[in-house]
Amino acid sequence: MALPKQIYLLGVSYRTSSVEVREALSLNASDSTLLLREMSFNRPGFEALILSTCNRTEFYLAAPHGQDVVTPWMSALKCFRPAAPIMNLECRHYRKEGVDAVRHLFSVACGLESMVLGDVQVLGQLKNSFEISREAGALGHFLNRTVSHALKSGKCARKETSISTGAAGIGSAIAGVLIARMQDRAAPRVVILGAGDFARETGRQLKKRSVCNLVFVNRSHERAQDAARHCSGVAVHWQDLKAALLSADAVVAATAAPHVVLTRKMLNEVAAIRGGALPLVFDAGMPRNVEPGSDIEVLGIDAIRERRESALAQRQAAVPEVQGVIARELAAWQRWNLNLQLDEKIQDLCREARARGHKTAEILTREYNYAPEKALRLVETEQGRMLHRQIARLKVSALNAIQ
């Protein structure tokens, strides 16, 4: 039987720490596996799950009640990452335990703790973390069941509410509009100007949702190549920008340039050469990357943000419903955890009752001349009645405590 355990959470996220802190604590699959195996090997009964993404690194730890698991984990982490800022008092990180830690995990799975509210990627990231922990031998019955409840809460939130409806990120908003406008074109060619966060996010969203052919153009060709690798696209040199525009179905201008990148003259030249088959242009730059007034349709950042804000408003309205899903699944987890703890207490109670019963039967045999079998049978019958009442009261009292 699985022993009852206590769960602890240590973490940093975009809400508490800078990107430098999160980078120092970021653990890829190999790093996580090594750390998990080391701790699991040295501490029997210990369980752990590491959730490390670009926006957070969280350690979920579980051990039998009364066993200190945080101190040895921090020591192991310090050896593994000696420069990790979480070791410093000035580093803002959070610690939770018990129901608070589990509630936070469920909120993460539902997308309530994401930088983009309702982010759908976090559920897949949690699944990957679950598999890494399981393969490293750090996932026992307790965390297995707890993470399963978290994954269920995330799936239910997305199925039963509008928490992931619409395009809530700039990149996903652009991808949504672009795909809707390009439905009649097979494998449209999308040219992305830039290699920063907006450009990469747009590329990732298009890669996930469609069969677009992505072309990255950036003044630093090396950065364009890096962005293309991450998004399964290709990179072309900046001097070949006009040629790329001539074959594009859509263009996303998302550079950090302080001036116009696509001039009205260049766009009109492209329009004159191409005739009627003009590309759709998105200007995601701030300041604007595209000079207005050309013969090509340009969707500006305000139109893109309007779509994003509409999706965010819809998602924000769904938060109370998601919190209801979390409360429902958390109550189910608490009942399971409570039964786990009650089973252990009941077994202790039964073991103690049997030991006392044998002593009572011996007294009946010795002092009152009862046959040993009869004495033990009488004692066990009476004990059974008493234990049944005690166990029933214990379960009712415990269930009332979590309602």
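What follows is calculated from the coordinates using simple rules that are stated; it is not laboratory data. The shown structure was predicted, so the numbers you read here are calculated from the model rather than taken from an experiment. Ideal geometry is used to build each Cβ from the backbone, glycine not excepted, and the neighbour counts take in all protein chains shown.
Return the label of the correct value of Rg and Dmax of the Cα atoms in Å, as calculated from the structure shown, out of (i) 29.9, 115; (ii) 23.7, 74; (iii) 20.5, 65. Evaluating Rg and Dmax of the Cα atoms in Å on these atoms matches (i).
Dividing the mean sequence gap of close Cα pairs (under 8 Å, 6+ apart) by how many residues segment 92-232 holds gives a relative contact order of 18 percent.
The listed peptides 10-22, 202-214, 71-83, ordered by packing as a protection proxy, come out as 202-214, 10-22, 71-83 (highest mean of other Cβ atoms within 10 Å first). Here segment 170-312 carries DSSP beta bridges of which approximately 0% are antiparallel, counting only pairs with both residues inside.
Where the only charges are on Cβ atoms (+1 Lys, Arg; -1 Asp, Glu), what is the dipole of segment 170-312 about its Cα centre, to the nearest 20 debye? Here segment 170-312 has a charge dipole of around 320 debye.
Mean residue ellipticity, 222 nm, helices only, the chain: the sum of -39500 (n - 2.57) across DSSP H runs of n ≥ 4, divided by residue count and rounded to 500, is -18500 deg cm²/dmol.
Site pair R92 and Q121 shows an inter-label distance of 2.3 nm when each label is modelled 7 Å from Cα along Cα→Cβ.
Scalar couplings 3J(HN,Hα) for segment 233-249, obtained by applying the Karplus form with A = 6.51, B = -1.76, C = 1.60 to θ = phi - 60°, are x, 10, 10, 10, 6, 4, 5, 9, 4, 4, 4, 5, 5, 5, 10, 8, 8 Hz; x denotes Gly and Pro. Beta-bridge orientation, the chain: approximately 50 percent antiparallel, per DSSP, counting only bridges with both partners inside.
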